[in-house]
Amino acid sequence: MSETKNMIVNMGPQHPATHGVLRLVLELDGETVVDVTPHLGHLHRGLEKLAEHKTYHQALTLTDRMDYTGALLNNLGYCLAVEKLLDVEDQIPDRATVARVCLCELQRIAGHLLWLATHALDLGAMTMLFYCFRERETVHDILEEVTGARITPSFIRVGGLADDITDKFIEKARAFIKEFPGRIDEYEGLLTNNRIWRKRTEGLGIISKEQCIQYSITGPVLRAAGVDWDLRRDQPYCGYETYDFEIPIGTTGDVFDRYTVRLIEMRQSIRLVEQALDRLPDGPVMMDDFRYAPPPKDAVYEKIESLISHFKLMSTGYKAPKGDVYMSVEATKGELGYYLVSDGSEKPYRFRVRPPCFINLQAIKDMTVGHMLADVVAVIGSLDIVLGEIDR
Amino acid sequence: MDNEEKVVDAAQDAAQAPEAQTQEAEVAAEVEAAAQAPAPSWLETLVEGLKGQFGEAILSAVTFRGQDCITVSADKVVDVCMYLRDTEGYDFAMLTDLTAVDNMGAKTRFTVVYNLYSFSQNLRLRVKAPVAEGADISTVENVWKAANWMEREVYDLFGINFEGHSNMKRILLWDGYDGHPLRKDFPLTGKPQAMTYR
Amino acid sequence: MGIENNLPPFLVGNLEKVVGLARKHSLWPATFGLACCALEMMVTSTSDYDIARFGAEAFRPSPRQSDLLIVAGTLTMKMSNVVERIWEQMPDPKWAIAYGSCACSGGIFNTYNTVQGVDQILPVNVYVPGCPPRPEALLAAIIKLQDVVAKETFSDRPDFRAAG
C-alpha cells in the first residue's frame, strides 16, 4: 500500500536566501508549497525593554540596529517622535530639516541598493551584487564624510543633527547625483527585459489591494498592489510637502511590480536629494533649547556653564513631559512608527517600534501557497525583510 | 428658541417700525447665534456617535500634541473597532499598530493600545483598552487580519491572553519560556530558563 | 592524517609547511551573518574590499564544505543551539572568528535573550571588536588567522581514529 504524504522542509535560520535568521517550515506537495510557518525571534535582542533603561539620548543608538540597512531613517523616526513629545517641533532649524531630508533620501537609495543586490543574488543574477554594492559603497563614503560611521551612524539627533554638513559632503553628493541615474539604467538594462528575470518574478506573490490593507502592509509592497499611499505625501514630515517628487504605483502586486516600484523610488530619491541640496540654507543644525539640546562643542570646551549643561544632559538626561505620541516615517520597507509613552522621567516608559517588515511578513502564507519552492525565495526577496527589525 | 421669538417680534415690530430697526434686530440675532457654540471637532462628533451606540463603554477622549485618543472598556473593544472600520465617514480600514503598556502600580495593570488609520479621511486615532492582570480581552483578528501576529507578540511579551485568537502562541520567544519580558517586574537580563529552544 | 607517523621528521616539517600554506590561502567561510555585522561581511566579499585576494571568496552555504565560521552579529539564546549544531557539522580543521562586539561579548545587548559572546558556545580563534567593525578589520582578522593556520602542526589536530 503506498500513500503520499506531504514533505516538511525546514528552511533553517542559517540560509543564504532568508536575509538573516528567519526560519520557515514549509510543507511541500512535490515542489508546490502547501503551507508556510515562519518562526521568528532568532534575533530578538530585547531592544524595547533595553530602551526603557536608557535615557532618550542613549536610546537613539538602539534605533540604528533595528533596520540596519537604512539606519538614518530609523533615527529620523525616533527623533521626530521625541521632538513631538517634547513639543519642540517648531524649533528645529531649517538647515537641519533640509539636511535630514537629504541624508534620509541617500539612505533610502542605499537601502534599496542592498535590496536589489540580495534579491538578484538569490535569483541567480550575481552580477547585480557587485554592481549595487559598488554604488552602496559610494553612498557609504558620502554618509561617512559627515556621520563618521557607515552602517550605524546615529547622526540625526533630537533637536537637529549631531554635526554640521560639510562642503565636501555636498561636493560628493552632487557628483553622485550626476552618475547614479546612469547606473540605474545599467541595472534596468540587465534585469527589466531579461527573460529569465521576468519569468521568475512575474505573476508571483500576488496580493490584492484589499488584502494588503487588511494585513496592514505598507511601503513599496502596498504601492505595487495599487494603493496610492506614501507617508511622505499624505502625512508629511520634515517639509516633504514642499518637495516635488512622484509616487510610483504598481498594477498587479507581483514581485516584478515591486521591483519596478523600488527602482522608480530610487530615481525619485535622487530628485529629492538634488532639491534638498539646492535649497540647503545656512544656519545652525541643532535647536537652541537649553532644556533638551546640548550646547555647541566649542562652547563646551571654553565655558564652564556649557560644560555643566552638556554633562547634565548626557549623564542624567532630560525629563520629558507625561503623555504618549505615535510618529511614523516612510522607511525603505514601509511605515516605521514609534509609539513612545512617557511618565515624566528621563527614560521612556514604553518604547514601541511599529516594525514594517514584521507586519509585511505576515502575508507570506497568502503570497507563497500554490507556488513552487524556488518561488518562496523570490517572494521573500521582494518583501525586503530585515530580521533586525522583525525581531528587534 | 429665543432667537426665533426675537426675530418674530422684530418682524412684527418691523411691520410698523422703520427699516433701520429691523436690520439692527437681524444683526443682533445673527451675532447671538454665532456666539452660542463653535463647530464640534471630528473627535467630539465621533465620541458622541460612539456614546450613542455603546454608552458607558466609552471612558474618555483626549487630544495630546494633536493626536486623538479614546479609551474604551475592554469588553466592547471589538464592537467599537467594527464600528470604526465600517461606518461611513470614518473608515478606519488599517490597524497600524497593536501593542500594550504595563502600568505597574496602576488600578488596571495593562493597557492595550490600538493605533488606527483611515485612508479616505487621512485620520489617525488611538484606541486604548484597560485590561486587568489575568483578565482576557477579545481578539480583533476578525476585524483586521493584521492583528494576528501583533496580538501574538503582545501575548509573548506581556502575557495578555486574547480570547478567540486562532493561534495564541509565542512568536518571538520559544514555547516553554518562563516569564513575559516586557512586564516591568521582569529583570532586564532575564531569568534562568529550564529549557532552551530546539 | 596518519602519514606523518611513517615519514622521517624533516619531511614532516616541510609537509606541515605546505599544508599550512595551502590551508591559509583557501579558507572558505560559512555564511553565518546574524545581524548588522553581516552587511559588513557581505561588503568584504565585494569589489571594494575584495576578500578574494586572500582566497576566501567562496562563502559556502553548507557548513560541511567550509572551514571558517565568521559569526557576524548578535547571538541570541534562541539561536545558540543552531550555532552549536553548525559548528559541530563543520569538519576539522575549522576556525572561528567572532566578528563584531555582539559576537565577542554580547555588545550593547545585555538582555534576556542575548548570549554574552559566542565563545560561550564555541572556541573562537580571533576576536574583532567594533560596532560594526570596518571591512578592513575583517581582512586584518583573516590575515591574523592565516598566521595561526600556517603555524599549525599535525600534532595540534590529533587523529581521533588513531587515539582509540
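Here are the numbers for the structure shown:
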{"item": "Selection count, segment B:122-147, where residues are surrounded by 23 or more Cβ atoms within 10 Å (Cβ to Cβ) and free of Cβ contacts under 8 Å to residues at least 40 places away in the same chain", "result": "0"}
{"item": "All positions within segment B:160-185 that are more than 12 Å from chain A (Cβ to nearest Cβ), over 27 Å from the mean Cα position of the chain (by Cα) and of a type in the set (Gly, Ala, Ser)", "result": "B:176"}
{"item": "Matching residues in segment A:247-260 - criterion: being at pLDDT 90 or above and either surrounded by fewer than 21 Cβ atoms within 10 Å (Cβ to Cβ) or under 22 Å from residue B:96 (Cα atoms) (or both)", "result": "A:247, A:248, A:249, A:258, A:260"}
{"item": "Filter pass, residue C:77 being open to solvent by less than 20 Å² (accessible area, probe 1.4 Å) and either free of Cβ contacts under 8 Å to residues at least 40 places away in the same chain or touching a helix residue (DSSP H, G or I) at 6+ places or on another chain (Cβ under 7 Å) (or both)", "result": "no"}
{"item": "Residue that is in contact with a Leu (Cβ under 7 Å, 6 or more places away or on another chain) and modelled with pLDDT of 90 or more, where the choices are A:116, A:106, A:121", "result": "A:106"}
{"item": "Residue within segment B:79-95 that is within 14 Å of chain A (Cβ to nearest Cβ), farther than 25 Å from residue A:212 by Cα and either open to solvent by 20 Å² or more (accessible area, probe 1.4 Å) or touching a strand residue (DSSP E or B) at 6+ places or on another chain (Cβ under 6 Å) (or both) present", "result": "no"}
{"item": "Qualifying residue in segment C:61-68 (condition: touching a Gly at 6+ places or on another chain (Cβ under 6 Å), open to solvent by 20 Å² or more (accessible area, probe 1.4 Å) and away from chain A (no Cβ under 11 Å))", "result": "no"}
{"item": "All positions within segment B:148-164 that are farther than 18 Å from residue A:216 by Cα and open to solvent by 10 Å² or more (accessible area, probe 1.4 Å)", "result": "B:155, B:159, B:161, B:163, B:164"}
{"item": "Test: residue in segment A:93-102 that is within 11 Å of another protein chain (Cβ to nearest Cβ) and either in a helix (DSSP H, G or I) or among the acidic types (Asp, Glu) (or both)", "result": "no"}
{"item": "Test for residue A:333: is it open to solvent by 10 Å² or more (accessible area, probe 1.4 Å), at pLDDT 90 or above and among the charged types (D, E, K, R)", "result": "no"}
{"item": "Candidates C:144, C:94, filtered to the one that is farther than 19 Å from residue C:36 by Cα, open to solvent by 70 Å² or more (accessible area, probe 1.4 Å), free of Cβ contacts under 8 Å to residues at least 40 places away in the same chain and under 13 Å from the mean Cα position of the chain (by Cα)", "result": "C:144"}
{"item": "Any hit, segment A:201-214, residues being under 22 Å from residue A:246 (Cα atoms), in contact with a helix residue (DSSP H, G or I) (Cβ under 6 Å, 6 or more places away or on another chain) and crowded, with 21+ Cβ neighbours inside 10 Å", "result": "yes"}
{"item": "Residue that is farthest from the other protein chains (Cβ to nearest Cβ), among those in segment B:52-67 that are touching a Lys or Arg at 6+ places or on another chain (Cβ under 7 Å) and open to solvent by less than 50 Å² (accessible area, probe 1.4 Å)", "result": "B:54"}
{"item": "Residues located in segment A:215-246, provided they are open to solvent by 70 Å² or more (accessible area, probe 1.4 Å) and under 26 Å from residue A:281 (Cα atoms)", "result": "A:233, A:241, A:242, A:244, A:246"}
{"item": "Conditions (1) at pLDDT below 90; (2) within 14 Å of another protein chain (Cβ to nearest Cβ): number failed by residue A:6", "result": "(2)"}
{"item": "Number of the condition not met by residue C:56 [criteria: (1) at pLDDT 85 or above; (2) within 13 Å of the chain's Cα centre (by Cα); (3) crowded, with 21+ Cβ neighbours inside 10 Å]", "result": "(1)"}
{"item": "Within segment A:261-284, tally of residues that are over 14 Å from residue A:109 (Cβ atoms) and open to solvent by 20 Å² or more (accessible area, probe 1.4 Å)", "result": "8"}
{"item": "Residue check, residue A:384 surrounded by fewer than 15 Cβ atoms within 10 Å (Cβ to Cβ) and under 30 Å from residue A:165 (Cβ atoms)", "result": "no"}
{"item": "Count of segment A:47-71 residues which are more than 8 Å from chain C (Cβ to nearest Cβ), open to solvent by 40 Å² or more (accessible area, probe 1.4 Å) and polar (S, T, N, Q)", "result": "1"}
{"item": "Any hit, segment A:336-355, residues being within 17 Å of residue A:213 (Cβ to Cβ) and more than 10 Å from every other protein chain (Cβ to nearest Cβ)", "result": "no"}
{"item": "Looking only at segment A:22-33, and only at residues there that are of a type outside the set (Lys, Arg), part of a strand (DSSP E or B) and open to solvent by less than 60 Å² (accessible area, probe 1.4 Å), the one that is farthest from the other protein chains (Cβ to nearest Cβ)", "result": "A:32"}
{"item": "Number of the exception - residue C:100 against (1) in contact with a Cys (Cβ under 9 Å, 6 or more places away or on another chain); (2) at positive phi; (3) within 14 Å of chain B (Cβ to nearest Cβ)", "result": "(3)"}
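Quick grid of which residues meet (1) aromatic (Phe, Trp, Tyr); (2) farther than 19 Å from residue A:149 by Cα; (3) open to solvent by less than 30 Å² (accessible area, probe 1.4 Å):
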site	(1), (2), (3)
A:10	no, yes, no
A:39	no, yes, no
A:45	no, yes, yes
A:78	yes, no, yes
A:87	no, yes, no
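The values are calculated or read from the model by the stated rules, or taken from the named source; none is laboratory data. Being a predicted model, the structure only gives us computed values, none of them experimental. Note that each Cβ is placed from the backbone with ideal geometry, even for glycine, and that neighbours are counted across all protein chains shown. For the accessible areas, the whole protein counts, side chains as well, though only heavy atoms, and no ligand, DNA or RNA atoms are used. Shrake-Rupley method; radii C 1.70, N 1.55, O 1.52, S 1.80 Å.
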